[in-house]
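Single-structure report; data block below.
No lab work stands behind these numbers, since they all come straight from the coordinates. Since this is a predicted model, take the numbers as computed values, not measurements. Please note: Cβ atoms are built from the backbone with ideal geometry, for glycine as well, and neighbour counts cover all protein chains shown.
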Amino acid sequence: MPSVARLLLLGIAATAFCRTTAAAQDADKPNNYAAFVTALSALAATSQDAIQNERNAARLEFVRQQVTNKVLAAFPADPTGTPVTDPKNTLSIAGVVDETSLLCGFRSDRKEIVKSISGRDSTASVTIDHLNTLAQQNYLTAVAGKLQALAAPSKADDIFSAFKSLFATYQITVSAKPIVSDNDRANIKKSCEADLKEFDAAFFGAKIPEPPSQGGRTASAVIGPEQLSLFGPVGAFAGTIMGIIQPVLVDFANLASDIEKKQAIKAFLSDTSNQGKLRDSGLGMGRTGSDFLFAKRLSLAGTFAEQIAVVTGDSLDLSSKPVQAACPTPYDAMYRRGPDGLPSVQFRRCYRAVWSHFEDGVAAALKTAAAYDQLADAGDTSTQLNGYKALTADFSKVADESGQVDFWDTVSKMLTFAGAVETAVSQDNLKKLQQSLDAVSKGK
């Protein structure tokens, strides 16, 4: 019997060991949850090029499309057709390209530039709907972040576990939506249009007056403060700003175990003298930052408007020797494809002669538009000022840690804005953005 008991115990131990080993082996294997979150992250990451460049790529495609239409009209494929040109036998893009639609329309609207780009894929097109693309990426990124945060270890030793420890309820609800409402689209368009109407003081240094009207004073457009509020990119919060806030959150998430340190922090934040200094300094810095960013955004809108005015006012003389050499008559010969099926060399040379006249000016304007997009995407420039004002209105919420849900909601908005602005003004980011735009332009 003793030997049987020993055998039984050995059997139980062996079974337990096997189960433990199997569990350990299973734990080492990526599970379906991890695989799915990885897929979400990969999908969101591969969309980054579209997020950064789709608006300006579509703008460029649209301008080239207008130039193409002008070329086709000026050099008709039908030998019996009459060339359609501007006065004095010139070609310009005035009347087909304007500041508002090119800057604002491509920020807010869904636009189908080219319905079909290849017979190999009947659904492939050149279509821009940046807000929808951004909303989808933000939603996928947010879900991936929330799931990863819930899977993080209980001890706060990284950014995700710190968030879980500090305000775990925020890790359960995904506030990002994969769609954009018509109201959001309208507000974004109105805000951009308001920037174009109001850039003169920030750009020229003075308000440009309007001449007196015969019928009385011209009514100015009403631009309400709500038009400052844009569709801030939620995804920015999970990006560059993480490196700034991670040590703060991790340290404070573990503060509960050190009562003396917590009491010292509470005493400092409860002191009315300290509160006054913190409030005044923060509000002063918030106002300075808000005004600077707002003026910068308006100046970018002004620069873009000026560049478009120059481009649309610059006509190409179709009787010049370079154009005549590149686009010889009869024009119909330019449209005959060769055995290889490509557009003829003659047409390509002709189009290049026309496009090169506008190319540099268009490229400069689109780079300005990209810089404007980056800053305008951040949202209301007074986000930090308003947020800090709300946080310091009642210091008891800070010192006594009361009202945390509302508190962290305000902080989350401030962090989102900070991450978006940091991305927008980063010299490294702007350099990469300009390089990518050059690549898109040269790729055409």
Hey, could you pull the Cα Rg and Dmax for region 284-348, both in Å? 23.4, 70
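Mean 1/r over all different Cα pairs, inverted: what Kirkwood radius does region 68-145 give, in Å? It would help to have the intermediate numbers written out before the result.
Numbers: mean 1/r = 0.0616 Å⁻¹.
Every distinct Cα pair counted, the radius reaches 16.2 Å.
Figure the gain on full extension for ASP200 and ARG348 (residue separation times 0.36 nm, minus the Cα-Cα span) and round it to one decimal in nm. Display every interim value, and only then the final one.
Numbers: separation 148, 0.36 × 148 = 53.28 nm, distance 4.03 nm.
Gain in length upon complete extension: 49.2 nm.
Between GLU260 and GLN435, what length comes free when the chain is fully extended (0.36 nm per residue of separation minus the Cα-Cα distance, one decimal in nm)? Please list the in-between numbers first.
Details: separation 175, 0.36 × 175 = 63.00 nm, distance 5.23 nm.
Here the segment from GLU260 to GLN435 would lengthen by 57.8 nm.
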Taking 7 Å along the Cα-to-C-beta vector as the label spot, tell me the ALA325-ASN69 distance in nanometres, rounded to one decimal. 3.1 nm
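How high is the FRET efficiency from THR82 to ARG336, r the C-beta distance, R0 25 Å, rounded to 0.05?
Details: r = 20 Å, r/R0 = 0.82.
It comes out at approximately 0.75.
Hand me the trypsin sites (Lys or Arg not before Pro) from region 336-402 located in a DSSP loop with no more than 11 other Cβ atoms within 10 Å, in residue order please. Each step should come with its number before you reach the end.
Details: sites: ARG336, ARG337, ARG348, ARG349, ARG352, LYS367, LYS389, LYS397; in loops: ARG336, ARG337.
Of the trypsin sites (Lys or Arg not before Pro), the ones in loops of region 336-402 whose Cβ has at most 11 other Cβ atoms within 10 Å are ARG336, ARG337.
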Additional length obtainable on full extension of the chain from ALA34 to ASP400, 0.36 nm per residue less Cα span: 127.9 nm
Treating only the Cα positions of region 320-383 as identical point scatterers, give the base-10 log of I(q)/I(0) from the Debye formula at each q in 0.22, 0.25, 0.29 Å⁻¹. -0.89, -0.99, -1.12
